[in-house]
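This report concerns only the one structure given below.
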Amino acid sequence: MTAAQAQQDLLLVFDETVTRADVDGWLRHLSFAGAPTRVYRLGASHVLPVSGVDSEELLAAAPHLPAPTRQVVRGGAAWLGGRPLRPAGTRVSLGPATIGDGSVAVIAGPCAVETPEQMTATAELVAEHGAVALRGGVFKPRTSPHSFQGLGFGGLDLLVEARRRTGLPFVTEVVDAEHVKRLAEVVDGFQIGARNMQNFALLSAVGQTGLPVVLKRGFGCTVEETLAAGEYLLLEGNDQVVLCERGIRTFEPSARFTLDLTAVAQWKQHTHLPVIVDPSHSGGRPELVEPLSLAAVAAGADALLIDVHVQPEQALCDANQALRPEQFAGLMTRLAGAAAGLGRSLQERRSRQER
């Protein structure tokens, strides 16, 4: 190793076997060496950044301290999200479901919670056909202020009842940092929408809950900017983060957005966080959902986020993209075959007692 290599900015990773007292010992050692002293949490691991010192000399001078589990060269916007920190990948627990275990998880439901009848019927439908979690927005930030904005907190009771009936955990969108604490008492996971991907106060507040988060890529944001947004959640000690590709705005007008499968492949290579694809918002039309879903699974997506409505013609939000019951049933059958062909499987619904 050359002198330049020895002085690269590093992350020292200590697994769960290292005690807090040992970590404090490393912080004192770094301080004595003139290096910055800060510690981050990544699940049960501790991560210490090191810069401006010779790493070999630093490690050699601390024989009384436990050696790092691994040393990772620090670079880019995502320190804690980089795959070298957790080469096997992160598993996100959403109720009894798991995202990132190698199977394909399907989260499905209406774009917005509207009525008790709509929510119950849709939840029972997606549960019957193999979804492992439920989506449904109670707050809906819309381009036009005259459009349906969601039921607000009143819609939470409908999601809770759907969970009680089906056993499916649910995720719902949060749009205001002041709503986080109240929602956290009820939800299984949060969704941060494309318009709020760079709402840093909201990211930090959600990260502090420790609950799973589906972070949607902004439709004008880059792969790297999305990783940086995820870092705000990770900095709060919350590693239960799923990156969501939902289409970006390009010059192509034939679909609502352009699904960027390149982003899916890059995230799978460069971050340990699982990746979910939303084929409904990207294509914007029901007939595009199936081919985009199949392509996403082939590209390595860990999960799909699919808009389903029992009566799309009556939907108050994104009616043009929702799958009908028979379309969702057919999609799930073909997804199972495609996953099997790739050596994967559709994740099966489990009860909370099975976890």
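The numbers here are math on the coordinates, done by the rules we state, and not lab data. Only a predicted model underlies this, so the values are computations on that prediction, with no experimental measurement involved. Here the Cβ is made from the backbone with ideal geometry for all residues, glycine too, and neighbour counts use every protein chain on show.
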In segment 208-355, what % of DSSP beta bridges are antiparallel (nearest 5)? 10
Two decimals is fine: what's Rg over Rh for segment 136-205, C-alpha atoms, Kirkwood radius as Rh? 0.97
Using a 10 angstrom cutoff on alpha carbons, build the Gaussian network for the chain and name the most mobile of ARG142, ARG249, ARG163. ARG142
Counting sequence-distant residues (5 or more places) and residues on other chains, those with an amide H built under 5 Å from that of LEU94 are ILE99
Among the lysines, which have Cα under 23 Å from the Cα of LYS140 when same-chain residues fewer than 8 positions away are ignored? LYS181, LYS216
Between PHE148 and residues 5 or more places away or on another chain, the pairs with built amide H atoms under 5 Å apart involve none
If we count GluC sites (Glu not before Pro) as exposed when they sit in a DSSP loop and have at most 11 other beta carbons within 10 Å, what is the longest stretch of the chain that avoids them all? 17-184
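For segment 27-134, with only Lys/Arg (+1) and Asp/Glu (-1) charged at the beta-carbon, what is the dipole magnitude about the Cα centre, in debye rounded to 20?
Charge dipole, segment 27-134, about its Cα centre: 620 debye, nearest 20.
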Placing unit charges on C-beta atoms (Lys and Arg positive, Asp and Glu negative, everything else neutral), compute the dipole magnitude of segment 1-84 about its Cα centre in debye, rounded to 20. 280
In units of 2.2 N^0.38 Å, the Cα radius of gyration of segment 176-257 is 1.12
Running a GNM on the chain with Cα contacts under 10 Å, which residue among GLY155, GLY81, GLY25 ends up with the highest mean-square fluctuation? GLY25
Computed for the chain: size of charge dipole around the Cα centre, +1 on C-beta of each Lys and Arg, -1 on C-beta of each Asp and Glu, debye to nearest 20, value 120
Most mobile of PRO169, PRO66, PRO110 per a Gaussian network model of the chain (Cα springs, under 10 Å)? PRO66
Show me, for segment 83-96, the HN-Hα J-couplings you get by feeding each phi into the Karplus relation (A = 6.51, B = -1.76, C = 1.60, θ = phi - 60°), rounded to Hz, glycine and proline as x. 4, x, 5, 8, x, 6, x, 9, 9, 9, 9, 10, x, x
Over the chain, what is the percentage of antiparallel beta bridges among all DSSP beta bridges, to the nearest 5? 40
Options PHE200, ALA67, VAL47, ranked by Cα towards positive dipole end of the chain, top entry (Cβ charges): ALA67
For GLY189, enumerate residues with amide H under 5 Å from its amide H, sequence gap 5+ or separate chain, H modeled in the peptide plane. PHE170, THR172
Please list, by residue number, every one of the trypsin sites (Lys or Arg not before Pro) in segment 7-75 that is coil in DSSP and has at most 12 other beta-carbon atoms within 10 Å. ARG38
With no solvent and one point per C-alpha, what does the Debye sum give as log10 I(q)/I(0) for segment 97-237 at q = 0.12 Å⁻¹? -0.48
